[in-house]
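The values are calculated or read from the model by the stated rules, or taken from the named source; none is laboratory data. The shown structure was predicted, so the numbers you read here are calculated from the model rather than taken from an experiment. As a convention, Cβ positions derive from the backbone with ideal geometry for all residues, glycine included, and neighbour counts pool all protein chains shown. Just so you know, the surface numbers come from the protein's heavy atoms only, side chains and all, with ligands and any DNA or RNA stripped out. Shrake-Rupley method; radii C 1.70, N 1.55, O 1.52, S 1.80 Å.
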Amino acid sequence: MHCLVFKVTDYKIRDIKLAKQGRLKIDWAESRMPVLMQLRRKFAKTKPLKGYRIAGCLHVTKETAVLVETFVEAGAEVSWSGCNPLSTQDDVAAALAANGIAVYAWHGLDSKEYYWCIEKTLEFKPQLTLDDGADLIFTVHTKHPKLAKEVIGAAEETTTGVHRLRAMAADGKLLYPVLAVNDQQTKMEMDNVHGTGQSALDGILRATNILFAGSTVVVAGYGHCGRGVAHRAKGLGSDVIITEIDSIAALKARMEGFRVMPMKDAASEGDIFVTTTGCRDVLTTKHFSKMKDGAVLSNAGHFNVEVDVEGLEKMAKSHRVIRPNNREFTLSGGKRIYLLGEGRLVNLAAAEGHPSSVMDMSFANQLLGMIYLKDHAHELSNDVHLLPREIDERIASLKLASMGIEIDKLTSAQKHYISDYAEGT
Ligand code: NAD
Ligand code: ADE
């Protein structure tokens, strides 16, 4: 399938020699992303993004590579950085660089390097920006107000990024329109629920090889991600406890068969903890001190603020890396607590992120979102906008077709019935 030839340009990655291995991963991802690949074939002919420069800040994975190369096939110039210090797949970054993509990302970069990479992606003065967590758009707004005037629009991939951008819009600070791609049904109900549900457990398993059956798993947050994680853990035979701050979400969790309690009580019960709240200080020293010997801590929310890693470091007598992405902390008295992926997105730090098949839909939304912005950004206010429902429906239909699934169509009598109020008992 791979036959792209792009011009060689600037990049900064770990090791270009990893390109061959990265290309195999990208080829595999392409074979699991039928919707995006179908759109790629279409837009390779029509080039709807010709003349547009897109800067992206989103996990450099094999799935993201398929998106980036689709943008290029659709005519765009692209410059890319990762959106998390531990999520870049160095071999994939190398494959992109070898293909002439301006990629600035490597696994394990520090905070200064992280923002250096973002700055590099802005050098070619993008007209469109794409974020996962809003760090790129925030950089444009705070450091490059002149560039912000040239940007026509942006897209945001994740819940936490959408929250940040809605807060900026409410403050009157947003300088160009943003599409909340996260809020698409074919994104949030698939990627956040089923993607995180599976890949968070994948990360925990790769870092621990722990047995879920018979374990007590505490999931903080019963939103999209938490619901996915809770159901998958239950499916593996775990006893699942939910902690929440929202009464409706808590009730939903209870009705779906989970125990619900405050974290102060769950702390002493859990064998495995997964935070999925997008909030801070969910697991802190007051919880660590109640935990069982051997408790495993992980986070699947966007930023590394859900588990108080600094507090754990201060509280511990000693610590050591016991397995990749798994740090053992020994507290006074000998109790051991295991922190996975340094409290960063466990599915991306300790595994490969969501499976390609679910990112197929998320990234089809990103692709159609960029094309929508190119055509409609001038009609949109400087606010956070939803994409039209037709885009969701188009992606869902393409995905179903790729799975060989047909659905019923309303008859005209049925259409009339559901839009009519006169017919009753
Ligand atoms: P959501 O809004 O659907 O769910 C969050 C839930 O957490 C809500 O029900 C909320 O009431 C609850 N919550 C908030 N603060 C809490 C606290 N202190 N204690 C307990 N519960 C609390 O959001 P979502 O789409 O599930 O996303 C959650 C986080 O995961 C965000 O940071 C998002 O960006 C991130 N995310 C990660 C991945 C991934 O690949 N790991 C994928 C998608 C989203
Ligand atoms: N977010 C979660 N999983 C991902 C993946 N595989 N690629 C890019 N972003 C992701």
Checklist outcome for this item: Sparse-neighbourhood loop hits (trypsin sites (Lys or Arg not before Pro), region 79-180; DSSP loop; Cβ within 10 Å at most 13 others) -> 173
Item to check | Per-residue HN-Hα couplings for region 265-279 [Karplus 6.51, -1.76, 1.60; θ = phi - 60°; Hz; x = Gly/Pro] | outcome: 8, 5, 3, 7, 9, x, 9, 10, 10, 10, 9, 9, 9, x, 10
Item to check | Length released on extending from residue 251 to residue 386, taking residue separation times 0.36 nm less the Cα-Cα span | outcome: 45.8 nm
Checklist entry - Under a 1.4 angstrom probe, counting protein chains only, how are 246, 135 ranked by accessible area, largest first? => result 246, 135
Checklist entry - Is it possible to state the helix-based mean residue ellipticity at 222 nm for the chain, with each DSSP H run of 4+ residues giving -39500 (n - 2.57), the sum divided by total residues, to the nearest 500 deg cm²/dmol? What is it? => result -12500 deg cm²/dmol
Next on the checklist: Skipping prolines and chain starts, which residues have an amide H placed within reach, meaning under 5 Å, of the one on residue 86, given they are 5 or more residues away or on another chain?
Outcome noted: 108
Item to check | Cα-centred dipole magnitude for the chain, charges only on beta-carbon of K, R (+1) and D, E (-1), debye, nearest 20 | outcome: 820
Checklist entry - Separation of region 1-80 and region 370-425 by C-alpha centroid, Å? => result 28
Checklist outcome for this item: Any residue on another chain or 5+ positions along whose placed amide H is under 5 Å from the amide H of residue 326 is listed here as 341
Checklist entry - Tell me, what ³J(HN,Hα) does each residue in region 286-301 have, in order and in whole Hz, if you take phi through Karplus 6.51 cos²θ - 1.76 cosθ + 1.60 with θ = phi - 60° and put x for Gly and Pro? => result 5, 7, 4, 5, 8, 6, 6, 4, x, 4, 10, 10, 8, 10, 10, x
Checklist outcome for this item: The answer for residue 259, listing residues at least 5 apart or on another chain whose modeled amide H is closer than 5 Å to its amide H, is 240, 242
Checklist entry - Any idea which of 301, 348, 289 is furthest toward the positive side of the dipole for region 280-362, if Lys and Arg beta-carbons carry +1 and Asp and Glu beta-carbons -1? => result 289
Checklist outcome for this item: Scalar couplings 3J(HN,Hα) for region 183-188 by Karplus 6.51 cos²θ - 1.76 cosθ + 1.60 (θ = phi - 60°), nearest whole Hz, x for Gly and Pro, are 7, 5, 4, 7, 10, 4
Checklist entry - If you take the Cα Rg of the chain and divide it by 2.2 N^0.38 Å, with N the number of residues, what do you get? => result 1.01
Checklist outcome for this item: Cross-link reach from residue 146 to lysines, straight Cα distance under 17 Å and at least 8 residues apart if same chain, gives 120, 125, 173
Checklist entry - What is the calculated FRET efficiency for residue 320 to residue 110, with r their C-beta to C-beta distance and R₀ = 25 Å, to the nearest 0.05? => result 0.70
Checklist entry - Could you give the nm distance between label points at residue 423 and residue 402, where each point is 7 Å from its Cα heading toward the beta carbon? => result 3.7
Checklist outcome for this item: So for R0 = 51 Å, FRET eff. of residue 285-residue 42 from the Cβ-Cβ r, to 0.05, ends up at 0.40
